[in-house]
Amino acid sequence: MPNTLTNEDIDRIARKRAGAKLGWYAHAVVYVVVNAFLFAISFEGITHRPWSIYPAFGWGVGLALHGLAVFLLGSGSDLRERLEQRERERLQQRR
């Protein structure tokens, strides 16, 4: 049973995917700007130690997970579509 999409469905899905990717790009830009600022001020304090690596690392993990969700696991990703197709096939075999 082929999956037929209407033009409206295609437009809706394309907008959703583009919005998710733009959201990740915005997240990445904010990450770079804020962490560059934190890095600069971390050397202006009394200790002159690079304490800014800690928030950069923590936020970097969050950014990586966000990217994973958008580009690999999000709706429309090839991995997700393949897994969904396998599950459909398994469920149809059980019928």
Answer label, with volume of the Cα convex hull per residue in Å³ calculated from the coordinates and candidates (i) 83; (ii) 110; (iii) 95: (iii)
1/(1 + (r/R0)^6) with r = Cβ-Cβ of Arg82 and Val33, R0 = 35 Å, i.e. FRET efficiency to nearest 0.05, evaluates to 0.45
With only Lys, Arg, Asp and Glu charged, each at its Cβ (+1 for the first two, -1 for the last two), find how big the charge dipole of the stretch 39-95 is about the Cα centre; round to the nearest 20 debye. 400
To test your reading of the geometry: what angle, between 0 and 90 degrees and rounded to tens, separates the Cα axis of helix 53-67 from the longest principal axis of the chain? 10
Helix-only estimate, please: 222 nm mean residue ellipticity of the chain, summing -39500 (n - 2.57) across DSSP H runs of length 4 or more and dividing by its residues, to the nearest 500. -25000 deg cm²/dmol
Nearest 10 degrees, 0 to 90: helix 7-42 Cα axis against the chain principal axis: 10
Please name which of Phe57, Leu73, Gln85 has its Cα lying farthest along the dipole of the stretch 39-95 towards the positive end, using unit charges on Cβ (Lys, Arg +1; Asp, Glu -1) and the Cα centre as origin. Gln85
Fully extended contour minus Cα-Cα distance, from Leu73 to Ile10, at 0.36 nm per residue: 20.8 nm
Give me the Kirkwood hydrodynamic radius of the stretch 39-95 in Å, from all C-alpha pairs, to one decimal place? 14.7
For the chain, what is the charge dipole size about the Cα centre, in debye to the nearest 20, if Lys and Arg each add +1 at the Cβ and Asp and Glu each add -1 at the Cβ? 360
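Readers should treat all values here as calculations from the given coordinates under stated rules, not as data from a laboratory. Everything quoted here is computed from the prediction, not taken from an experiment. Neighbour counts are summed over all protein chains in view; Cβ atoms, including those assigned to glycine, are modelled from backbone coordinates with ideal geometry.
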